[in-house]
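Student: Right, I'll just put the structure down here and ask away after.
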């Protein structure tokens, strides 16, 4: 369990919440579901019962071995050991109780991939970053809002996990709007590292010229993405 804590992973131990997540995912028999964080397998068999195929990935080899033994009855389940955010599988629905330490990586990865929709569980604090407006925004807020429609569907108390995290969690429904490539995501992160500068001075960092005296906090999400595209142009 210590290793999982280091990975920022807390196991969901509530079957009713697991059933709620899977029902909210609106899976049909034509869907391929991608799950990151097989864990103890509380979601995996429920996903298999509804989907055409389930691809479930976990960084812990022992947990994947356990799942292979426990869920051998499912011929529509593919289990993999490794970093889920380096996989190239094609899927229509994403379902995950995200490892807290990888939540930002997950959103950036989802921003680059084509899929229909998904259900994710994240720490409440991170959920607030995703849907933040104005001066509370971070780079991840812009990336998330540009590429995903995000709707909070439920709060989940910390007592529903083993080991219990220090903060409550939130279940979010995400619907894919558009993709953003890796280079633009990197530039959006760079822009926010200069957020106190004017646009004119930010563009100077990238050998571009502008007369705009506004700052990042004065721009809409779309304007920030357009600024990133401008910087990306050779």
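Student: Note the angle between two axes, namely the Cα long axis of helix 103-112 and the longest principal axis of the Cα atoms of the chain, as a number of degrees from 0 to 90, rounded to the nearest 10.
Tutor: 80
Student: Using Cα pairs under 8 angstrom and six or more residues apart, how large is the relative contact order of segment 2-180, in percent? Show your work: numbers first, answer last.
Tutor: Numbers: 350 pairs, mean separation 40.3, N = 179.
Relative contact order for segment 2-180 comes out at 23 percent.
Student: Does anyone have the angle between helix 61-70 and the longest principal axis of the chain? Alpha-carbon axes, 0 to 90°, nearest 10?
Tutor: 40
Student: Moving on. Please work out the C-alpha center-to-center distance from segment 170-218 to segment 131-162 and express it in whole Å.
Tutor: Between the Cα centre of segment 170-218 and that of segment 131-162, the gap is 18 Å.
Student: Classify segment 48-170 from the C-alpha gyration tensor, please: rounded if a/c falls under 1.5, else prolate or oblate depending on whether a/b exceeds b/c. Intermediate results must be reported in sequence, preceding the final value.
Tutor: On the way: a/c = 2.06, a/b = 1.49, b/c = 1.38.
Cα axes put segment 48-170 in the prolate bin.
Student: OK, next. Note down, for the chain, the three equivalent ellipsoid semi-axes (square root of 5 times each alpha carbon gyration tensor eigenvalue), biggest first, whole angstrom.
Tutor: Working: eigenvalues 252, 66, 48 Å².
Semi-axis lengths for the chain are 36, 18, 16 Å.
Student: Follow-up. Listing 186, 145 from the residue with the fewest other Cβ atoms within 10 Å to the one with the most, what is the order?
Tutor: Least crowded to most crowded, the residues run 186, 145.
Student: Relative to the longest principal Cα axis of the chain, at what angle does helix 221-232 sit, 0 to 90 degrees, rounded to 10?
Tutor: The angle comes out near 70 degrees.
Student: Is segment 184-232 best put as rounded, prolate or oblate by its Cα gyration tensor, with a ≥ b ≥ c the root eigenvalues, rounded for a/c under 1.5, and otherwise prolate when a/b is larger than b/c, oblate when not?
Tutor: Numbers: a/c = 1.34, a/b = 1.10, b/c = 1.22.
Rounded, since a/c falls under 1.5.
Student: Fewest first, what order do 162, 96 take by the number of other Cβ atoms within 10 Å?
Tutor: Going from sparsest to densest Cβ surroundings: 162, 96.
Coordinate-derived values only; no laboratory data. Owing to the predicted nature of the structure, the values given are computational and were not obtained by experimental measurement. So basically every Cβ, Gly included, is an ideal-geometry build from the backbone, and we count neighbours across all protein chains shown.
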